[in-house]
Amino acid sequence: MAARALRRAAVAGSWYPGSAAALTWEVDRYLAAVTEVLPSASVQAILVPHAGLVYSGPVAAWAYRSVEGGEFDAAVIIGPSHHVGFDGVAVYPSGAFDTPLGPAEIAADLATAIQHASPVVHADAASHAREHSLEMQLPFLRRVLPSTPIVPLMMGYQTAATIDGLAEALARALERRRVLLVASSDLSHYLDAGAAEVADRLVLDAVARFDADGLAALLHARPDHACGGGPILSVMRAARALGARAARVLRYADSGDVSGDKSAVVGYMAAALGTF
């Protein structure tokens with residue numbers, strides 16, 4: 001029998017603590033600081049950042065706290081590719097992603113269903129080897145939904161055809177399942193804090209209006225406003241097709257809130273989509 005595919009953690013010990021004890025302490029500290037929690041049964045999708053945990057964790061926690069202990073068949077994570085260029089969406093088809101908190105098992109049947117639902121999705125484990133945009137979600141998922149399997153989807157070139165094709169595939173494959181959609185994206189990069197907030201506010205407002213078309217037009221003109229704009233759009237469109245009717249921005253911050261350097265920051269958003 002062939003060995004189970006295990007994707008090794010690429011940024012454990014650098015982007016987040018490499019020991020279970022230290023990682024648990026940090027994630028739980030961020031979760032405990034959240035003061036607004038939506039009912040998990042009403043949340044169908046979350047939009048979260050993916051920078052180093054000390055920077056993005058305090059923001060991401062606001063989305064993850066609302067799904068803590070929720071009943072989901074799987075968490076489907078969609079993030080951008082930072083290291084490999086390719087057409088379409090690469091799914092890691094089976095096995096598990098290793099983490100300091102134990103392996104995150106992959107829902108292979110669901111991964112296959114999504115792949116079969118659209119030609120834009122293809123199996124490609126190798127492209128996932130160095131990517132952090134999906135991995136940075138696992139410390140939170142292992143704490144708030146420890147028994148929930150994942151489906152890792154990495155978007156290559158963020159074309160309209162790929163974005164729409166993935167949204168349609170998700171809507172078809174997940175129609176009869178209770179699945180959490182997770183879009184991984186940071187916002188503007190390396191503007192001063194004032195300029196970053198102006199740019200980021202355009203994204204935040206479109207998300208709060210649940211306006212995927214408006215956000216698509218914005219990102220077509222200014223793709224630098226969100227590195228994972230394609231994943232956000234796919235998740236917004238799929239969530240709408242699956243019954244989500246409301247959106248809420250839960251938290252916004254920038255890296256300067258942690259580093260103290262407001263001259264060149266990265267923006268972070270936590271948001272939820274659902275029926276709340």
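Data overview
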| read-out | value |
| --- | --- |
| Point-charge dipole on Cβ atoms (K/R +1, D/E -1) for the range 183-276, about Cα centre, debye to 20 | 500 |
| Span from the the range 13-61 Cα centroid across to the the range 199-233 one, whole angstrom | 23 |
| Residue (of Leu101, Ser56, Ala22) at the positive-pole extreme of the chain, dipole from beta-carbon charges | Leu101 |
| For a label point 7 Å along the Cα-to-beta-carbon line of His82, residues of the range 53-68 with backbone N under 15 Å | 53-57 |
| Three-way shape call for the range 71-175 based on the alpha-carbon gyration tensor, with the a/c threshold at 1.5 | oblate |
| Efficiency of FRET between Val11 and Thr275 - r from beta-carbon atoms, R0 41 angstrom, step 0.05 | 0.75 |
| Ser94 versus Arg4: modelled label distance in nm, points set 7 Å from Cα along the beta carbon direction | 1.2 |
| Rounded accessible area per residue of the chain, 1.4 Å, Å² | 39 |
| Within-14-Å neighbourhood charge of Arg143 [Cβ basis; K, R +1; D, E -1] | 0 |
| Rel. contact order, % - alpha carbon contacts under 8 angstrom, at least six apart, the chain | 27 |
| Relative intensity, log₁₀ I(q)/I(0), of the range 84-131 from a Debye sum that treats every alpha carbon as a point, q = 0.16, 0.31 Å⁻¹ | -0.47, -1.17 |
| DSSP-loop GluC sites (Glu not before Pro) across the range 12-95, with at most 16 other Cβ within 10 angstrom | Glu36, Glu68, Glu71 |
| Inverse mean reciprocal Cα-Cα distance (Kirkwood Rh) of the range 1-149, Å | 16.0 |
| Range of Cα positions in the range 155-219 per principal axis (Å), largest first | 44, 24, 19 |
| In Å², nearest 10: area of Asp257 left accessible to a 1.4 Å probe | 90 |
| Percent accessible area from carbon and sulfur atoms, the chain, protein chains only, probe 1.4 Å | 52 |
| Descending semi-axes in Å of the range 106-260, equivalent ellipsoid built from Cα gyration tensor | 26, 19, 16 |
| Estimated [θ] at 222 nm from DSSP helical runs (n ≥ 4, -39500 (n - 2.57)) normalised by residues in the chain, nearest 500 | -11500 deg cm²/dmol |
| Neighbourhood net charge (12 Å Cβ-Cβ; Lys/Arg +1, Asp/Glu -1) for Ser188 | -4 |
| Point-to-point label distance, Asp224-Ala208, nm (Cα→Cβ direction, 7 Å offset) | 2.5 |
| Within the range 214-258, backbone nitrogen closer than 17 Å to the virtual label 7 Å beyond the Cα of Ala33 toward Cβ | 250-258 |
| Restricting the range 155-192 to trypsin sites (Lys or Arg not before Pro) in coil, as DSSP defines it, with at most 15 other Cβ within 10 Å | Arg176, Arg177, Arg178 |
| Convex hull projection area averaged over all views, the chain, Cα basis, nm² | 13.2 |
| Net charge of neighbours whose Cβ lies under 14 Å from the Cβ of Gly13, counting Lys and Arg as +1 and Asp and Glu as -1 | -2 |
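The values are calculated or read from the model by the stated rules, or taken from the named source; none is laboratory data. Computed from a predicted model, the values in this text were never measured in an experiment. Don't worry about glycine lacking a Cβ; one is built from the backbone with ideal geometry, like all the others, and counts go over all protein chains shown. Just so you know, the surface numbers come from the protein's heavy atoms only, side chains and all, with ligands and any DNA or RNA stripped out. Shrake-Rupley method; radii C 1.70, N 1.55, O 1.52, S 1.80 Å.
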